Each structure stands twice: as C-alpha cells, then as structure tokens.
Amino acid sequence: MDSTLVTAFAHSLSPWQLFLQADLIVKAVILLLIICSFWSWAIIFEKVTRYRRITRQAAEFETAFWSGGSLQQLYEKVQDQAAHPMSHLFKSAMHEWQRFSESGNQQLDVARLDGLQRRIAHAMDVTLDRELDKLQKYLGFLATVGSTAPFVGLFGTVWGIMNSFQSIAASKDTSLAVVAPGIAEALFATALGLVAAIPSVVAYNKLSGDLDRYSGRLESFGIEFRSLMSRQLEERVT
C-alpha cells in the first residue's frame, strides 16, 4: 500500500469522517452522546463554581453571626447582600420574629413562646428543604448520563458492527478497507459513551459529597440558631 493510499485511508478514519460515513442510527447515537457530554460539563462547571461560592459565603456569614453583634443589625445587613442558602435560613427565622414583633404583642407567655418557636422551626425547615432542592437540581442528570451513556455507546457499537458484517456480505470481501470503517464507527460510539459517562460519574460523586457536607453545615447552623433564639425568647417570658 503506497503512501497516498495510507494517507487517504487514515483520513477516512478521522472522527469527522467516521461521523459522515455512519448511518442514521449511529449518527443519532453520536449526536446524543456529544450533547449529553457538553451539557454534563456545563452542569459540572456551574455546580463547582456555585458550591465554592456558597461555601465561602457561609464561612463569612458565620464569622459575622458569631461575632457577638446584634441579630437585628445582621438581619438588616443581609437584606442588601447577595443571597445564599445560609442567609436565607437566617432570614426565614428572623422574618417570623419580625412578624411577631410587628404584631404589637410584645408580651410572651409559655403558650406564645411555644407557638413562636414552632413557627420559626417550621420556616427554617421549609427554607432548608427549598434551598437544598435548588442545589441538587441537575445532579440527577449527571447520574443518569453516568449510568446510561456507556450502554447508549454500546448500542452504537453493536449497530456499527452489524453494518460491517452487512458490508462484508454484500461485497464478499474481508479486506481491511471494507471492515475497518464499520468497526471504527462502532468503537467511536463506544469511546464517546465513555467520554460522556466517566466525567459525569466522577463529578456526581464529588458534588454529592460536597452537597452532603454543606447540607450538614446548614442543619448545624439551624439547630444552633434555634437554640440561641430559644434562650433569648425564654428570658422574655412573663
């Protein structure tokens, strides 16, 4: 085989040529896997950036919260700042306290204290669930891509090999020039399935662990904040 034929044969096995030579089913598999891969990387980039940002904001907020300053002043301050889950958790509790204060009933007895504490706890629990739902959004897509992309690629592989056997049967020629394109299409689909799946699985495990740690941090803050408010409110019981 002279150099011209070798060059032409190698060019025919380039990714772009493999895509152009593939039949409709294999093309659909390749496009699906490419779209899933790009979408997965977009989610990964967004989640990594967001989790780092809210972790940093949580550390700054906790520093301000435990600095010993007025909770009312902190509440007024966070109203004008960029929102993050921990500040939302804080604001939900303070909002219930503000509603009680603005009701004109400043006297607390045991019954009112119990009712106020339940409302604060409920508001914080609802806010926590809502914020975690937002942070979990699209993580399921990464898990789905990680678990299904190899099988989608395998489907393209099987289809490509079937085409190769059909080409052999039609041409009655088992030379490499006849077999190689179909086999290459099949392997290309398999490779794309792995390219889409592996980063998705790794990112899902990493992001899930980060989210679990952040969720525990929010829950700990909520418990500590409720305990702090309970002590302050109990001091005002008449």
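Considering only residues in region 103-131 that are in a helix (DSSP H, G or I) and of a type in the set (S, T, N, Q), the one that is modelled with the lowest pLDDT turns out to be Gln117. Contact map, region 206-234: first residue in contact (Cβ under 8 Å) with a residue 24 or more places away in the chain, second residue not in a helix (DSSP H, G or I), Cβ cut-off under 9 Å, separation 6 or more or different chains; pairs are Leu233/Leu108; Glu234/Leu108.
Given the criteria surrounded by fewer than 14 Cβ atoms within 10 Å (Cβ to Cβ) and hydrophobic (A, V, I, L, M, F, W, C), does Phe65 qualify? So Phe65 does not fit the description; no.
Of the residues Phe90, Phe100, Phe151, Phe141, which single one is aromatic (Phe, Trp, Tyr) and modelled with pLDDT under 90? After ruling out the rest, the residue left standing is Phe100.
The values are calculated or read from the model by the stated rules, or taken from the named source; none is laboratory data. Source: prediction; values computed, not measured. Neighbour counts run over all protein chains shown; Cβ positions are idealised from the backbone, glycine included.
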